[in-house]
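Below is one structure, written out as structure tokens; comments come after it.
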Amino acid sequence: MDPINVTADAETFTANAFLVDGEVTTLVDAGAMPGVEDVVASHVDGLDRVVLTHQHGDHVAELDAVVERFDPAVYAYADHDHRTHELADGDSVAVGDESFDVVYTPGHAADHVSVVSETTLFSGDVVVYNDGAFDDGSFGRTDMAGQSRERLVESIEQLLDRLPDSVDGLYAGHGDAFHGDVRAVVERALERAERREPKYPDG
């Protein structure tokens, strides 16, 4: 699997949005970059579905434009005007040419899900490879209203329980994609989250 980050050239704050071509052409999150639908159209002729990890603005601000352009099915945990399919923990969802398991991973957001196949993890914001806090295993912020570090820790633990050892691609909502020992990255994120220290001490 070789997802394309269609928001990589954004000049405004946005989450990563990953386009996966294949039998079921899928966009994982829509991002907040104006014109993202044009970038998608430069790679594929059509879009079968959008899978949302959660509905924070940086992940869904351009969903209207994507839906207007492609009329895809929209899969999400929580209700949304564009949602056509509800995601629940334990569901399976096709992305590209692979089947992914849905893992409910709240803490950063109450509606957060991650999706994992035998090779690939789309982790949204629950775990990221690198960001402004840590470079090789970080976790979503939990210092805003409606967020919970305790619940995030439980979510990362559950993600580890359901993560096949064969997964070697990590695609998160922020930072760079990672290829290699994904389990080790998630374990480092868990260790850091368990310290209960502020993610951004100077924030």
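Side notes on the structure shown:
- Correct option for volume of the Cα convex hull per residue in Å³ [calculated from the coordinates] among (1) 122; (2) 145; (3) 106: (3)
- Two-site label geometry, Thr119 and Asp9: point separation in nm, points 7 Å out along Cα→Cβ: 2.7 nm
- Applying a DSSP loop filter and a limit of 14 other Cβ atoms within 10 Å to the GluC sites (Glu not before Pro) in segment 20-66 leaves Glu23.
- Extension gain for Ala145-Asp81 works out to 20.7 nm (0.36 nm per residue, less the C-alpha to C-alpha distance).
- Going by neighbour counts of Cβ atoms within 10 Å, the residues Thr119, Thr12, Thr26 line up, fewest first, as Thr12, Thr119, Thr26.
- For the chain, the dipole from Cβ point charges (+1 on Lys and Arg, -1 on Asp and Glu) about the Cα centre works out to 620 debye, to the nearest 20.
- Between 0 and 90°, nearest 10: helix 182-194 axis offset from the chain longest Cα axis: 50 degrees
- Site-free segments of the chain were taken between trypsin sites (Lys or Arg not before Pro) in DSSP loops having at most 16 other Cβ atoms within 10 Å, sites themselves excluded; the longest one is 1-161.
- Electrostatic bookkeeping for Arg196 treats Lys and Arg as +1 and Asp and Glu as -1; over the other residues with beta carbon under 15 Å from its beta carbon, the sum is -1.
- Helix 149-161 axis, angle to the chain major axis (alpha carbon atoms, nearest 10°): 70 degrees
Computed from the coordinates by the stated procedures, all read-outs in this text should not be read as laboratory data. Note that this is a predicted model, so its numbers are computed, not measured. We place every Cβ from the backbone using ideal geometry, glycine too, and count neighbours over all the protein chains shown.
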